[in-house]
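Please read the structure below before turning to the comments.
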Amino acid sequence: MPYVNVGDTVRLYVLNAGPQLISSFHVIGEIFDRVYREADLYSPPGKGIQSTLIPAGGAAIVDFLVDVPGTYILVDHAIARAIHKGAIGTIIAEGLDNLEIYESFATKEWADGHTHNGEEPEPEPEVVEEEPEEEESLEAAENEVIVEIMKGSMKKDDDPTNDYSPNILTIPVGTTVTWVNKDRSVHTVTARNRLFNSGNMRKGKKWSYTFTKPGEFDYYCIPHPWMVGKVIVK
């Protein structure tokens, strides 16, 4: 997970390995200053482009200036590939806010939406419940603690206990914590201080980390940053 600073120009070399589908490459929160289609550095680049097509087996080179801090999410704009198949990446930009360029006016009620004009949102379509799956029983080994990434945790709410369970964990030094993804969406376990990062975890995947020093370790999910947890090591 790369880190950049406000004011940096980022260049991405993006390859679509295919073998059959094209990619609509996009960085959420950015406009590409220059796009070198099919990685052609000899021809003049396209400018001011939001998303660019990359053919199967082809590539593209994109440049953009980082104006404000935040988490910039790299996706294929066929969003199902990002949410359900893990075709997602992030760039963390650090630095001072620039309110002349960007200032959020989202209220608490609209924090995760795109409608800020006072209108009521469209009702969500009725979801047909799937048949419950038989789950594998989880048994912790010696000096191991298991944390579950809960079903439905990709949906934002005001209850942090619906995300990681337990979401606050106190353990002695030397304990191994194993996170298990019970949700249908891809999640990560990423330390705020960059100490650990699970990478993308699909449903049913496990990832472990052994805490060898005391301290308090806050972590979150990169694709769903409202999902937060803490490990307190004594």
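General remarks:
- Test result for Lys213, among the charged types (D, E, K, R), in contact with a strand residue (DSSP E or B) (Cβ under 6 Å, 6 or more places away or on another chain) and not in a strand (DSSP E or B): no
- Residue that is farthest from Ile91 (Cα to Cα) [pool: residues in the stretch 13-51 that are surrounded by fewer than 16 Cβ atoms within 10 Å (Cβ to Cβ) and touching a helix residue (DSSP H, G or I) at 6+ places or on another chain (Cβ under 9 Å)]: Ser43
- Residues satisfying the stated conditions in the stretch 195-221, i.e. without any contact (Cβ under 8 Å) to a residue 24 or more places away in the chain and either surrounded by 15 or more Cβ atoms within 10 Å (Cβ to Cβ) or closer than 21 Å to Tyr3 by Cα (or both): Leu195, Phe196, Ser198, Gly199, Lys203
- Inspection of the stretch 61-68 identifies no residue that is touching a helix residue (DSSP H, G or I) at 6+ places or on another chain (Cβ under 9 Å), surrounded by fewer than 17 Cβ atoms within 10 Å (Cβ to Cβ) and more than 23 Å from Thr190 (Cβ to Cβ).
- Filter result for the condition that a residue is among the aromatic types (Phe, Trp, Tyr) and assigned to a loop (DSSP other than H, G, I, E, B), over Trp179, Trp207, Trp226: Trp226
- Leading residue by the ranking (modelled with the lowest pLDDT) among those in the stretch 18-30 that are in a loop (DSSP other than H, G, I, E, B) and within 19 Å of the chain's Cα centre (by Cα): Gly29
- Meets criteria (closer than 21 Å to Ala87 by Cα and in the same structural domain as Gly215 (by TED's automatic domain parsing)) for Val173: no
- Criterion (of a type in the set (A, V, I, L, M), on the phi < 0 side of the Ramachandran plot, over 20 Å from the mean Cα position of the chain (by Cα) and not in a loop (DSSP other than H, G, I, E, B)) met by exactly one of Ile91, Ile61, Ile73: Ile61
- Per-region count, the stretch 31-56, residues in a helix (DSSP H, G or I) and aromatic (Phe, Trp, Tyr): 0
The values are calculated or read from the model by the stated rules, or taken from the named source; none is laboratory data. What you are looking at is a predicted structure, and each value in this text was computed from that prediction instead of being measured. Using ideal geometry, Cβ is built from the backbone for each residue, glycine included, and neighbour counts are taken over all protein chains shown.
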